[in-house]
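Okay, structure first, notes after.
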Amino acid sequence: MPRINSASELEAFRKDILSKRDPKKPCISVCTGTGCLALGAAKVVAALKEEINKQGLENKVGVVDVKETGCPGFCERGPIIVIHPEEICYLQVQPGDAEEIVSQTILAKKVIDRLLYAVPGVDEKITRESEIPFYKNQMRNLIGNNIKIDPKKLDDYLAVGGYSALVKALFQNTPEQVVELVKHSNLRGRGGAGFPAGRKWEFARNNPDEPKYVIVNADEGDPGAFMDRALLEGNPFSVLEGLTIGAYAIGSHEGYFYVRQEYPLAVENITLAIKQAEEYGFLGKNILGSGFDFHVKVHRGAGAFVCGEETSLLASLEGKAGEPRSRPPYPAVKGLRGKPTNINNVETWANIPLIINKGADYLASIGTGGSKGTKIFSLVGKVNNTGLVEVPMGITLRDIIYKVGGGVSGGKKFKAVQTGGPSGGCIPEEHLDIKVDFDELAKVGAIMGSGGMIVMDEDTCMVDVARYFLNFLSGESCGKCTPCREGIRQMLKILTNISEGKGKEGDIELLEDLAEATRDASLCALGGSAPNPVRSTIRYFRDEYEAHIRDKRCPAFVCKNLISYHIDPAKCQACMICLRKCPAEAITGGKKQIHVIDQEKCTKCGTCFEVCPPRFHAVKRLSGEPVPPPIPEEARILARESKQT
């Protein structure tokens with residue numbers, strides 16, 4: 001491919017690409033993001049290609065293409081394929097389905113019902129991807145193209161309008177005008193803090209010091225979060241284009257992608273994207289003949305959670321220990337190598353081409369007064385439709401969980417939703433109708449964070465939730481400042497004691513004091529936000545803390561030191577199911593003999609409770625109550641005849 005040297009050459013090349021693509025030609029798009037690959041998507045791709053070859057279609061021009069794409073979001077139902085142009089969406093596709101897909105859907109134009117989305121509770125199947133409730137209730141400005149393009153082919157990105165925003169920025173706007181467009185859009189950083197992106201750009205632009213740097217923060221460390229990963233894997237060119245526009249706006253000629261070590265596919269795709277962009281003339285010297293030079297490198301982080309914080313990331317990028325420093329000076333003034341540096345996360349950069357192409361007013365028209373545009377969340381936990389969702393700012397938590405997520409799984413009752421990753425807050429049902437934006441979430445003790453969202457049901461212990469996240473944060477604290485290092489450690493120690501039945505009066509108040517001190521005195525946002533799980537769970541679920549401390553009882557039957565299992569002799573049918581399934585071999589009994597759980601051997605795993613037939617309901621869970629005395633050996637024989645099951 002010869003280098004493109006002007007805007008007119010780019011448009012001519014784009015027209016040439018589109019002229020060779022028949023929009024009516026069947027194309028099977030297969031999600032090959034990390035989630036679907038883990039579920040066997042690579043085997044599905046191989047099976048489809050083999051079947052196309054077997055049926056003699058590979059040599060027939062215009063018959064069918066197989067496109068390996070990024071994540072479309074519906075991870076609960078992977079592997080996912082979408083057949084264009086009809087937009088037929090098949091879920092949980094297996095290699096064995098390939099023959100039928102090719103022969104029936106591609107050739108015979110018939111839909112395979114068993115692979116379609118089934119509407120819960122009714123006898124209805126949905127064919128089109130956009131009509132599935134999970135997708136229908138989203139606004140996919142950023143991830144909508146993931147299922148349409150091959151992230152390893154720049155031509156695919158150009159075919160959907162890629163790099164048209166860069167042309168507008170370079171040839172129709174001055175750098176100052178680009179900064180003003182971003183400011184006018186009211187785009188706030190999607191990495192967690194929510195600082196206005198345009199103002200951050202302006203600080204770096206107005207700093208006379210040289211050189212200047214731009215950085216993509218792809219150090220996504222929140223457990224269960226994969227928003228940035230999906231964008232880098234599925235559409236790396238959009239992020240790269242946004243970064244290039246940002247570099248032009250602030251006057252930078254060198255940029256970096258700081259990507260987690262645990263994201264090998266994201267690193268592979270962005271590295272290839274950079275290489276192709278250089279070959280086509282979208283990176284390097286004199287980009288598109290504009291006179292603007294820009295070079296990009298990829299740096300792999302070692303996986304430290306604290307390096308998601310800007311100053312820690314900069315230290316790591318310089319080869320130092322990933323530890324934060326006090327601010328000011330901020331990175332826009334003194335950043336990488338002591339020079340002005342603009343850092344935004346992946347999702348923020350991906351919004352830039354959208355703003356340039358559709359205008360600042362378009363983004364500003366979406367969302368609430370203080371939070372504009374869409375936001376990507378990883379919706380996980382006890383919800384029917386887990387996956388990646390992109391919704392407009394201002395949508396309610398209830399709509400995300402019930403309209404997009406399909407409600408709480410297993411018919412359980414909703415208890416709380418945690419937003420903002422391990423440093424986020426837990427929000428109870430009474431606040432489900434709150435609008436999701438930076439300011440409203442803060443009012444109820446939560447944060448937007450980078451976009452993690454974990455749904456919890458009635459079987460969740462909120463004390464254990466707080467302990468879990470504090471345990472994670474304790475291990476990830478860099479230890480540089482005492483308030484964070486010791487504050488988190490001491491809160492974790494108290495929470496552990498409470499969950500083990502060793503809590504005492506005054507522990508709740510001590511937790512509140514430690515949380516306040518840690519929040520106010522820590523050096524960086526890790527320590528400053530670490531108390532959120534503790535403060536929010538005490539605020540909304542104080543009664544659970546009191547039950548653990550005063551009654552030595554876990555209402556959710558989660559904390560193992562506070563629960564026990566026993567078999568009700570009046571209901572035991574000697575069916576031997578629990579005896580066979582017990583992984584600790586803690587159950588004794590036999591045919592026509594009442595079963596007994598040895599409390600010394602019992603690991604509190606709950607297997608016996610789960611496998612006991614509901615019609616018997618013989619296994620009981622106890623919490624805060626004395627364990628019944630063991631049944632004497634001579635009394636264990638059933639006095640009545642029982643039908644063995």
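For the stretch 576-597, the tally of residues that are in contact with a strand residue (DSSP E or B) (Cβ under 9 Å, 6 or more places away or on another chain) and open to solvent by less than 60 Å² (accessible area, probe 1.4 Å) stands at 12. Counting the residues of the stretch 537-568 that are touching a helix residue (DSSP H, G or I) at 6+ places or on another chain (Cβ under 8 Å) and surrounded by fewer than 19 Cβ atoms within 10 Å (Cβ to Cβ) gives 4. Criterion applied to 496, 537, 518 was being hydroxyl-bearing (Ser, Thr, Tyr) and in contact with a Phe, Trp or Tyr (Cβ under 9 Å, 6 or more places away or on another chain), and the one residue passing it is 537.
Residue 351: in the same structural domain as residue 431 (by TED's automatic domain parsing), touching a helix residue (DSSP H, G or I) at 6+ places or on another chain (Cβ under 8 Å) and polar (S, T, N, Q), yes or no? It is false that residue 351 is in the same structural domain as residue 431 (by TED's automatic domain parsing), touching a helix residue (DSSP H, G or I) at 6+ places or on another chain (Cβ under 8 Å) and polar (S, T, N, Q).
Checking each residue in the stretch 142-173 for being hydrophobic (A, V, I, L, M, F, W, C), open to solvent by 10 Å² or more (accessible area, probe 1.4 Å), under 19 Å from residue 351 (Cβ atoms) and part of a helix (DSSP H, G or I) picks out 167, 170.
What residue, among those in the stretch 465-510 that are acidic (Asp, Glu) and not in a loop (DSSP other than H, G, I, E, B), is surrounded by the fewest Cβ atoms within 10 Å (Cβ to Cβ)?
509
Which is open to solvent by 10 Å² or more (accessible area, probe 1.4 Å) and within 17 Å of residue 214 (Cα to Cα), of 321, 315, 364?
315
So in the stretch 191-239, with the set limited to residues that are more than 13 Å from residue 346 (Cβ to Cβ) and of a type in the set (Lys, Arg), which one is most open to solvent (accessible area, probe 1.4 Å)? For the stretch 191-239, the residue satisfying everything is 199. Being assigned to a loop (DSSP other than H, G, I, E, B) and polar (S, T, N, Q) is the filter; apply it to the stretch 1-24 and report the residue that is least open to solvent (accessible area, probe 1.4 Å). Here the residue is 6. When you check residue 267 against the structure, is it under 13 Å from residue 216 (Cβ atoms) and in a helix (DSSP H, G or I), yes or no? Yes.
Is there a residue being of a type in the set (A, V, I, L, M, F, W, C), within 27 Å of the chain's Cα centre (by Cα) and assigned by TED's automatic domain parsing to the domain that holds residue 221 anywhere in the stretch 290-297? The answer is yes; a qualifying residue exists. For the stretch 598-608, enumerate the residues that are hydrophobic (A, V, I, L, M, F, W, C) and buried (at least 17 other Cβ atoms within 10 Å of the Cβ). Selection gives 602, 608. Being buried (at least 23 other Cβ atoms within 10 Å of the Cβ) and assigned to a strand (DSSP E or B), is that true of even one residue in the stretch 409-416? Scanning the stretch 409-416 turns up at least one residue that is buried (at least 23 other Cβ atoms within 10 Å of the Cβ) and assigned to a strand (DSSP E or B).
The values are calculated or read from the model by the stated rules, or taken from the named source; none is laboratory data. None of the values given here were measured: they were computed from a predicted structure. All Cβ positions, glycine included, derive from the backbone under ideal geometry; neighbour counts span all protein chains shown. Just the protein is used for accessible areas: all its heavy atoms, side chains included, with ligands, DNA and RNA removed. Shrake-Rupley method; radii C 1.70, N 1.55, O 1.52, S 1.80 Å.
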